[in-house]
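The values are calculated or read from the model by the stated rules, or taken from the named source; none is laboratory data. Keep in mind the model is a prediction, meaning the values are calculated, not measured. Positions of Cβ are generated from backbone atoms using ideal geometry, with glycine treated the same way; all protein chains shown enter the neighbour counts.
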Amino acid sequence: MEVIKIKGTDDTPSVILDKDNEIFEISGRSLPEDVTTFYEPILNWLDEYAENPNSKTVFAFKLVYFNTASSKLLLDILMKLEEMYENGNDILIKWYYPEDDEDMEEAGEEYSDIVDVPFEQVSYVL
Amino acid sequence: MDKHNVKGFLEFVYDFYRSMKAHEITLVYEGEITHQITKAFTSLTESNMAKQEESNTVQKKVFHVMVECLQNISKHADTFGSDDYLFAGRGIFMVSKGSEDYHVTTGNVIENRKIEELTDMLEEINSLDKEGLKQLYKQQMRQGRLSDKGGAGLGFIDIARKTGNKLEYHFLPIDETSSFFLLSSSISRTL
């Protein structure tokens, strides 16, 4: 399956979606000029991946900032993973937040309340 | 400009400068709000705050509020005339710093027919406590579809949550069809 590898900028996150190497990660800052256009290929990739996923999928979110427009698209990604989980796949979300960033920690808690999928909060030092 | 007018204009500039100083305005802009402008203003304010050794928490909150305010204008400011595109997505944007707080203030033209809905939304947000805002945010994220302009309707809720303060707003009439909408958010420097 095709690998998605997007290098982050000061307003778009780094994205790695690599089925063979089992890396699924979104990190950095997310305030793209056009959120829908930015996230569309990622959502499409997940649709294709869902048809034949790995035996286990650990999806990492390691964001330091995202705007409200991005928050809806992040939920769309989580909902696709939730759907895969509901279909019997082994899915784990790892939500990384800088240890002093309560807002990012809380954002993770909120997403874990909304979607029904195994969700792990991981703090790290920036 | 004749000589008299030049002098008057330059005096105005000095008054303007003094007003800015008096209100501790660190950034003021009037015009179209584009993505490039948003990036430039946030990075300028970030480096100013870093120089002043504001805490990471304060820096992040100011950044959040600035982005949401700027995007509100770029996506929701209305045009003056019927289809005068020159006035779309324009407004005034201001950052000021007091001894206790940062203030992010925006102003833009909106159609009068939208005032009621906007007021209801702002009043609902201002009536909620921390937990209530959290529930509203989650509900909006789940139900709210992105509008054709890409706004998620979450910006105001996010500003109220990040600042912990009420949204201060005001409408000033322009004519029968439009008004000027002002919104000011305060971020405490002692967070």
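Listed residues B:57, B:119, B:45, B:105; which is surrounded by fewer than 20 Cβ atoms within 10 Å (Cβ to Cβ), more than 11 Å from chain A (Cβ to nearest Cβ), assigned to a helix (DSSP H, G or I) and among the polar types (S, T, N, Q)?
Answer to the check: B:119.
Could you pull out the residue among A:63, A:46, A:81, A:75 that is facing another protein chain (nearest Cβ under 10 Å), aliphatic (A, V, I, L, M) and either surrounded by 20 or more Cβ atoms within 10 Å (Cβ to Cβ) or within 27 Å of residue B:66 (Cα to Cα) (or both)?
Exactly one of A:63, A:46, A:81, A:75 is facing another protein chain (nearest Cβ under 10 Å), aliphatic (A, V, I, L, M) and either surrounded by 20 or more Cβ atoms within 10 Å (Cβ to Cβ) or within 27 Å of residue B:66 (Cα to Cα) (or both), namely A:75.
Scan the range A:84-110 for residues that are more than 9 Å from chain B (Cβ to nearest Cβ), closer than 28 Å to residue B:68 by Cα and out of contact with any Phe, Trp or Tyr (no Cβ under 6 Å at 6 or more places or on another chain) and jot them down.
Selection gives A:94, A:97, A:99, A:107, A:109.
Sort through B:147, B:178 and tell me the only one that's within 14 Å of chain A (Cβ to nearest Cβ) and at pLDDT below 95.
Result of the check over B:147, B:178: B:147.
If you take the residues in the range A:15-40 that are surrounded by fewer than 18 Cβ atoms within 10 Å (Cβ to Cβ) and within 11 Å of chain B (Cβ to nearest Cβ), which one is nearest to residue B:37 (Cα to Cα)?
If we take residues in the range A:15-40 being surrounded by fewer than 18 Cβ atoms within 10 Å (Cβ to Cβ) and within 11 Å of chain B (Cβ to nearest Cβ), then A:33 is nearest to residue B:37 (Cα to Cα).
Looking at this structure, is residue B:82 more than 19 Å from the chain's Cα centre (by Cα), at pLDDT below 90 and not aromatic (Phe, Trp, Tyr)?
Yes; evaluated as a whole, the condition is true for this residue.
Pull up the range B:1-31, narrow it to residues that are touching a helix residue (DSSP H, G or I) at 6+ places or on another chain (Cβ under 9 Å) and modelled with pLDDT of 90 or more, then point me to the one that is farthest from residue B:101 (Cα to Cα).
Among residues in the range B:1-31 that are touching a helix residue (DSSP H, G or I) at 6+ places or on another chain (Cβ under 9 Å) and modelled with pLDDT of 90 or more, the one farthest from residue B:101 (Cα to Cα) is B:31.
Determine, yes or no, whether residue A:124 is under 20 Å from residue B:141 (Cβ atoms), over 14 Å from the mean Cα position of the chain (by Cα) and more than 12 Å from chain B (Cβ to nearest Cβ).
Taking the combined requirement at face value, the residue does not satisfy it.
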